[in-house]
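Single-structure report; data block below.
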Amino acid sequence: MVEVDMPYQDGQFGCPVEVGLQMVSGKWKPRILYALQQRTKRFGELQREVAGVSRHVLTTQLRELEASGLIHRQVYGQVPPKVEYSLTELGNSLTPILEQMIKIGEHYISTHKTDSAVDV
């Protein structure tokens, strides 16, 4: 087995690839980031756009994305409360990666499509 020497290895965080993957890992985070690429959205808009996600899970995922610095949460001091979510500069930097992942996924689906569901 050939060991690959990582050009950068941080004592606190470890492998940068693993850190990057952890920031966007999960079923919902890429879909949330993709939805926010279009424009700033409120919680309800995100919940409708990311079909199938529960309120609790969406809230948790948004908090994690905010803690990672990928999204910004803007709270307006009004009644009823208004909260909007948008991508940060770091979050926007993921756009080419997400677009490439879409292309890879589309290619995989088109070349592996059968009468039964595709298992990845």
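The values are calculated or read from the model by the stated rules, or taken from the named source; none is laboratory data. Since the structure is predicted, the reported quantities are computational estimates derived from the model, not experimental observations. Cβ placement follows ideal geometry from the backbone for every residue including glycine, while neighbour counts extend to all protein chains displayed. Keep in mind that these areas ignore ligands, DNA and RNA; they rest on the heavy atoms of the full protein, side chains included. Shrake-Rupley method; radii C 1.70, N 1.55, O 1.52, S 1.80 Å.
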log₁₀ of I(q)/I(0) at q = 0.11, 0.14, 0.21 Å⁻¹ - the chain, Debye sum with one point per alpha carbon: -0.49, -0.74, -1.23
Averaged per residue, the 1.4 Å probe accessible area of the chain, protein heavy atoms only, in Å², is roughly 74
Rounded to the nearest 20 Debye, what is the dipole magnitude of the stretch 53-115 about its Cα centre when Lys and Arg each give +1 and Asp and Glu each give -1 at the C-beta? 200
Charges at C-beta only: +1 for Lys and Arg, -1 for Asp and Glu. How large is the resulting dipole of the chain about its Cα centre, in Debye rounded to 20? 780
Cα→Cβ-extended label distance, 7 Å offset, between ARG63 and VAL19, nm: 2.4
At R0 = 25 Å, how high is the FRET efficiency between SER54 and THR95 if r is their beta carbon distance? Nearest 0.05 is fine. 0.40
Which percent of the accessible area of the chain is formed by carbon and sulfur heavy atoms (probe 1.4 angstrom)? 55
